[in-house]
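Where a number appears in this text, it was derived from the coordinates with a stated rule and is not lab data. Owing to the predicted nature of the structure, the values given are computational and were not obtained by experimental measurement. Cβ placement follows ideal geometry from the backbone for every residue including glycine, while neighbour counts extend to all protein chains displayed.
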Amino acid sequence: MRDQYLVFGQPLVEQPEIDEVVDSLRKSWLGTGPKVAEFERRIAAYKQVPHAVAVNSCTAGLHLSCLVLGLRPGDEVITTPLTFCASVNAIVHAGAVPVLADVDPVTMNLDPEQVRRRITPRTRALLPVHFAGRACEMDALMQIASEHDLVVIEDCAHAIETEYRGRPAGTIGDLGVLSFYSTKNIVTGEGGMVLTHDATLAQRVKRAALHGMSADAWARFSDDGYKHYDVEEIGFKYNMMDLQAAIGMHQITRVEDWWQRRLAIWNRYLAELSDLPLELPAPWPETDRHALHLFTILVDEARAGIARDELLMRLHRDRIGTGVHYRSIPSYRVYQQRFGFRGEDYPVAWRIGQQTLSLPLSPKLTDADVDDVIAAVRRALA
């Protein structure tokens, strides 16, 4: 057994990030400023998109995306039942109504045919989630959106490196939203980024993220001299701080090296666990790129002789941290009560939600850590 607990999703933070944060502290510029602007530039360049607007969370970015695209109370937004609650909550916060469509059993992403079945005269938007870092079938979803005059918001919380047929995820729909939460492929502690090709939408997101003001603090208080601002709309307090951007602006420079490290771990898991009574992640098309954010295994009790939660606890006792991504949205009481969601209406997502378990997958893992994970899984199923 390990001496120390292996924390699931622990990020790799290196010296350049630490130095940059210290630089911000020494300069006493902690809020939104030049480092946020630099981080936005670096993300925009990496994602090959002209506009990237930093916010304080992916959830905030999703909420603002719903608002700037003109969603109104009562409008329906189709999304996946196999996602973190933030995807649904952002729709609700915008006053719209979440509508769930079941997922494909192999990709675990929105099934376009299930989406078609959920279209009504009130449908105004699609919110696909690139689950675990695998690209959704965006051509099919964009075709549906075109046929029904819908806007598309890509939830790219898992998908910084993801590509769909050579196109970066988050740049295919009207808006895409990244997450830099502490367990993501690059981190700022908390944080997000809204991507778009549309300059007007980018400006509206930036303004709404900071109270609806016409100028942020850096524009008002920098050495260019004080400038008065206007308040142009009733906005929110969703801006990112330079302290956060100081971390992210260096993390993005190593994103490719870290992707290669996660790929090596991914391939070890596939090779070492393939003989066990588990369902491992499916391969993805050669035209796509998987972000390798989550390595999810499915634990069918009838086949494995053990339920998912028991396997989770056995790994925990072996000091291996794991995750559950995710129990399906209909399994939570608030959505059952408010929207009448029932698991039997989304049988694929419900089954996955009862069986899924995520193994550690981080560039911080050593080879010995990976050995420990594999050995613990094998012991738990012995």
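With neighbour counts taken as other beta-carbon atoms within 10 Å, the residues 129, 231 rank, fewest first, as 231, 129. Computed from backbone phi with θ = phi - 60° and the Karplus coefficients 6.51, -1.76 and 1.60, the 3J(HN,Hα) list for the stretch 163-171 is 10, 10, 6, x, 9, x, 4, x, 10 Hz; x is used for glycine and proline.
Modelled spin-label separation between residue 23 and residue 332, with each label point placed 7 Å from Cα along the Cα-to-Cβ direction: 3.8 nm.
Here the spin labels are modelled as points 7 Å beyond Cα on the Cα-Cβ line, and at residue 303 and residue 2 they lie 2.6 nm apart. Helix content alone sets the calculated 222 nm mean residue ellipticity of the chain: runs of n ≥ 4 DSSP H residues at -39500 (n - 2.57) each, divided across all residues, give -12000 deg cm²/dmol.
Taking other C-beta atoms within 10 Å as the exposure proxy, 211, 158 rank 211, 158 from fewest upward.
Take the alpha carbon atoms of the stretch 1-57, find their center, do the same for the stretch 147-175, and report the distance between the two centers in whole angstrom. Value for the Cα centre distance between the two parts: 23 Å. Distance from the alpha carbon centroid of the stretch 315-382 to that of the stretch 240-314 works out to 11 angstrom. Residue-wise HN-Hα couplings along the stretch 369-375, as the Karplus relation 6.51 cos²θ - 1.76 cosθ + 1.60 with θ = phi - 60° gives them from phi, are 4, 5, 4, 5, 4, 4, 5 Hz; Gly and Pro carry x.
Here the residues 252, 352, ranked from fewest to most Cβ neighbours within 10 Å of their Cβ, fall in the order 252, 352. For the residue pairs 206/364; 47/237; 206/237; 27/47, the C-alpha atoms sit more than 22 angstrom apart in 206/364; 47/237; 27/47. Backbone N atoms of the stretch 57-76 closer than 16 Å to the 7 Å Cα→Cβ label point of residue 200 belong to residues 67-71. Distance between the modelled labels on residue 118 and residue 167, one decimal in nanometres: 2.1 nm (7 Å Cα→Cβ projection).
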